[in-house]
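Bear in mind these aren't lab numbers, they're just calculated from the coordinates by the rules spelled out. Note that the structure is predicted; figures quoted are calculated from it, not measured. Don't worry about glycine lacking a Cβ; one is built from the backbone with ideal geometry, like all the others, and counts go over all protein chains shown.
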Amino acid sequence: MRESSSQELARLRKENEAQRASMAALQRQIEKSNEAVTGLSQQLKESLEGNAELRAILIELQAKLDKLLAERKKRNRKDHGPTTERHNPRPAAPVVETPLEKSTDGVKNTNHKKHILDQNLDTEPVPHKVQPVDAVCPTCAVDTVFVGNEVTYQLEKIINSIKRLRHEQEVRACPKCKLYIVTAEKPCPPIPGGLPGPCLLATTITEKCADGLPQYRQSKIMKREDAIIPRSTLCDWFQAGSLTLAPLYDRLKSHVLASKVVQTDDCPVKIQNRKARGSLRKGKMTVYRGDADHPVDVFDFSPDLSFLRNNQFLKDYSGYVQADAAGGFDSLFKNGLRTEVGCNAHSRRKYYEQCEEIIEIYGRLYDIEREIKGKPPAYRLAVRRRRSKPLTKELRKRLTALKGSLHPTHALMDAVEYTLKHWIALNRFLGNPDLEIDKDLSAYCTSLTKWRNHSRNLVFA
């Protein structure tokens with residue numbers, strides 16, 4: 001009995017040891033599995049983090065790509081697109097009209113909008129007499145009588161000619177005392193001691209500034225008229241003429257600075273660099289426009305792109321200055337004598353072809369301004385408060401929503417930040433009927449177009 005119990009006990013011990021060994025093996029396998037799971041979890045975590053970084057990089061690259069595409073579209077529109085910024089949310093489909101369907105009843109040819117008789121041109125009669133041989137009737141052999149003239153018109157250009165005027169001033173003396181001598185007076189020349197007459201000097205200045213015709217080309221044109229005038233001489237005449245016109249310039253400047261509102265804008269101009277021959281540097285031409293009571297444009301040239309000339313021109317002015325948000329104008333408004341008025345045309349331009357909803361709000365604001373243009377000040381102010389102010393509130397609400405939803409590198413962010421940063425200056429026109437919504441770009445372009453169109457010609461003397 002004892003032996004059977006001992007054997008049973010030994011067998012149970014062996015089974016227990018076998019179970020313990022199997023449990024230890026299972027425990028080791030579990031530990032290895034846990035280590036593998038931990039490694040896989042770490043790899044999965046690293047993969048997810050890597051995907052998040054890649055996703056962030058992808059979002060950033062996509063935003064940069066959108067910005068580049070927007071800039072390219074903007075540049076293509078500037079170089080090859082229409083020059084107007086008028087917005088048409090629903091452009092009409094082009095109508096193809098066959099030649100047979102065109103009607104010319106009551107429609108004038110736009111190429112001849114002004115008839116020759118309606119133009120304000122000097123008319124010079126050119127008589128054409130009948131030859132004496134034809135003045136006798138071949139049948140009756142008697143002289144014909146005058147009945148009338150058959151009138152036709154023709155446009156012709158009379159070439160300007162340069163003449164040398166010989167001024168002969170009469171000199172008279174008393175034959176008795178022989179002491180009194182008098183000389184006839186002649187008109188004072190524009191340049192004391194100079195050769196050019198008033199018309200010739202005015203022509204050279206006008207062709208240089210208004211027509212963009214360099215002086216070396218003027219010299220060639222004059223040479224064809226047998227007048228040899230070197231370019232250096234024309235440059236001296238131009239400089240002397242500017243000094244002669246200095247009092248007129250000062251008078252125009254004081255007239256503009258007497259305005260309640262002064263509008264200003266810059267146009268970059270390339271000029272020759274005297275320090276480095278053969279190279280160009282950038283200057284700028286600035287125009288200052290007075291208000292309705294002082295409708296005068298004054299141009300001021302700066303040899304560089306700094307705002308020293310702008311600050312010097314407006315240093316004694318106190319009132320409203322309407323300009324773009326260039327950083328150089330900030331010093332003008334520090335002392336409180338001048339108040340900044342923003343230009344909504346600059347703000348609106350940044351959203352063109354990028355955000356239709358913002359352009360639509362601006363379009364409604366400009367429609368209101370066109371309706372009240374030329375109306376009494378009280379009426380303009382009342383309409384702006386009743387109709388324009390709610391639109392500006394809606395505009396700010398949408399801009400704030402855009403700023404919170406767009407990526408910082410999005411192409412529209414610069415436009416949104418520009419408008420919100422200068423919000424007070426851009427909306428100052430709502431509380432003053434004398435202020436405009438922008439710098440009246442239609443008239444401004446007339447003043448600055450000549451400098452933009454002649455920018456290449458102006459680099460020559």
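Considering only CYS209, LEU195, ILE228, the residue lying farthest towards the positive end of the dipole of the range 194-244 is ILE228, judged by Cα position with unit charges set on Cβ.
Think of the range 1-46 as having a plus end and a minus end, set by charges on the Cβ of Lys, Arg, Asp and Glu; of SER33, ASN16, SER6, SER6 sits farthest toward the positive end of this dipole.
What FRET efficiency comes out for ALA36 versus LEU406 if R0 is 45 angstrom and r is the Cβ-Cβ distance? Round to the nearest 0.05. Walk me through the numbers before you get to the answer.
Details: r = 45 Å, r/R0 = 1.01.
The computed FRET efficiency comes out at 0.50.
Each label was represented as a point 7 Å from its Cα along the Cα-to-Cβ direction; for ALA10 and ASP293 these points are 13.0 nm apart. Karplus-based coupling profile of the range 297-313, in residue order and whole Hz: 10, 10, 9, 9, 9, 10, x, 9, 9, 6, 9, 5, 5, 4, 5, 5, 5, with θ = phi - 60° in 6.51 cos²θ - 1.76 cosθ + 1.60 and x standing for Gly or Pro.
If packing is taken as the mean number of other Cβ atoms within 10 Å per residue, what is the order of 282-295, 14-27, 234-247, 51-64, highest first?
Details: 282-295: 17.6, 14-27: 10.0, 234-247: 14.6, 51-64: 11.6.
Result, highest mean Cβ count within 10 Å first: 282-295, 234-247, 51-64, 14-27.
Between TYR180 and THR233, the contour length at 0.36 nm per residue exceeds the Cα-Cα span by 15.2 nm. Subtracting the Cα-Cα distance of ALA210 and THR139 from 0.36 nm times their residue separation leaves 19.4 nm of extension gain.
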